[in-house]
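Here the structure is laid out as structure tokens; the discussion comes afterwards.
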Amino acid sequence: MKTLKIAIQKSGRLNEKSVELLKNCGLNFENYKSSLISPVSNFPLEILFLRDDDIPEYVQDGIAHLGIVGENVIQETEVEVAYLQKLGFGKCSLKLAIPNNSDITDLSGLNGKAIATTYPVILNKYLQNQGIQADIRTISGSVEISPGLGLSDAICDLVSTGGTLKSNGLKPFGDVMSSEAVLIGRKGEEDTDLIQELIQRIQSVLRAKETKYVMLNAPKDNLETVIGLLPGIKSPTIVPLADEKWVAIHTVIPERDFWDRISQLKQAGAQGIVVMPIEKIIL
């Protein structure tokens, strides 16, 4: 394999984050809006800009070695691909929603009802598992307006904030599946050296986003207590200060742990706490 090909969304909610992730991996390329292919100048990789619905099939068929796409698209297209890495962006839920004035009170109330969706495959499997028989109506456009037009009694669509549902007089009724962007590969080809090198770069960027570099001063008398509150990748770095009663502590910790423990650190005597972002972490 001389050159990798990775397929990402040409336009839409995952394009910007996918491009940002790849650039943060140190890859130099142009995000051509009018071209389907963009070569990377400093890594044997070509980026294919495609419709998100086409990405899983391109990867399955070997046209692209890798792809970045939402889990919902993979489930809807029913392709056979390898899940290589969840990417932490593009998070949303596929939800059932009904009009605010609907008399439906539970899932059984959907029996015999019409449900509009752009995800008929996922919805059909979900309803079968729930023992519900409904009329699934596939719509390619704005699903939210279908109840107001009398086309359906309910909808099944992706929801991020719920604002679109609310503005169309709808309310969430049930969760069908959760989704986020994932890196996928063709089954059986995910262990090649180039693919593993790119995955390592991606993972280093993702780790850095979730962690912070922390520096602080602490009294020696409470050193063990402070260290116990700062779980690093291995162990914190301890640096003596001019004042022999104090030391400086440097460590890398998950951001969520730091904010949970900052009050405890201050109570243990920590001072001069500095928190900095990290560009990459390679284990």
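Summary of computed values
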quantity: In the range 12-53, the residues that are in a loop (DSSP other than H, G, I, E, B), within 19 Å of the chain's Cα centre (by Cα) and within 22 Å of residue 207 (Cβ to Cβ); calculated: 14, 25
quantity: Odd one out for residue 24, checked against (1) modelled with pLDDT under 95; (2) polar (S, T, N, Q); (3) in contact with a Cys (Cβ under 6 Å, 6 or more places away or on another chain); calculated: (3)
quantity: Hits in the range 199-248 - residues which are in contact with a strand residue (DSSP E or B) (Cβ under 9 Å, 6 or more places away or on another chain) and among the hydroxyl-bearing types (Ser, Thr, Tyr); calculated: 211, 213, 225, 235, 237
quantity: Residue match in the range 240-253 (condition: touching a Gly at 6+ places or on another chain (Cβ under 8 Å) and under 27 Å from residue 59 (Cα atoms)); calculated: no
quantity: Residue satisfying condition, being crowded, with 20+ Cβ neighbours inside 10 Å, more than 30 Å from residue 120 (Cβ to Cβ) and touching a Ser or Thr at 6+ places or on another chain (Cβ under 9 Å), within set 194, 230; calculated: 230
quantity: Residue tally, condition of a type in the set (Asp, Glu) and surrounded by 22 or more Cβ atoms within 10 Å (Cβ to Cβ), over the range 50-66; calculated: 1
quantity: Residue within the range 72-81 that is modelled with pLDDT under 95, out of contact with any helix residue (DSSP H, G or I) (no Cβ under 7 Å at 6 or more places or on another chain) and of a type in the set (D, E, K, R) present; calculated: no
quantity: Subset tally (residues that are under 21 Å from residue 195 (Cα atoms), out of contact with any Ser or Thr (no Cβ under 7 Å at 6 or more places or on another chain) and exposed (fewer than 14 other Cβ atoms within 10 Å of the Cβ)) for the range 1-22; calculated: 3
quantity: Condition check for residue 167: under 19 Å from the mean Cα position of the chain (by Cα), at negative phi and surrounded by fewer than 16 Cβ atoms within 10 Å (Cβ to Cβ); calculated: no
quantity: Restricting the range 164-193 to residues that are of a type in the set (S, T, N, Q) and out of contact with any Gly (no Cβ under 8 Å at 6 or more places or on another chain), the residue that is farthest from residue 84 (Cα to Cα); calculated: 167
quantity: Of residues in the range 56-88 being touching a strand residue (DSSP E or B) at 6+ places or on another chain (Cβ under 8 Å) and small (Gly, Ala, Ser), the one nearest to residue 118 (Cα to Cα); calculated: 70
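The values are calculated or read from the model by the stated rules, or taken from the named source; none is laboratory data. Here the structure is a predicted model, which means the values were calculated and not measured. Note that each Cβ is placed from the backbone with ideal geometry, even for glycine, and that neighbours are counted across all protein chains shown.
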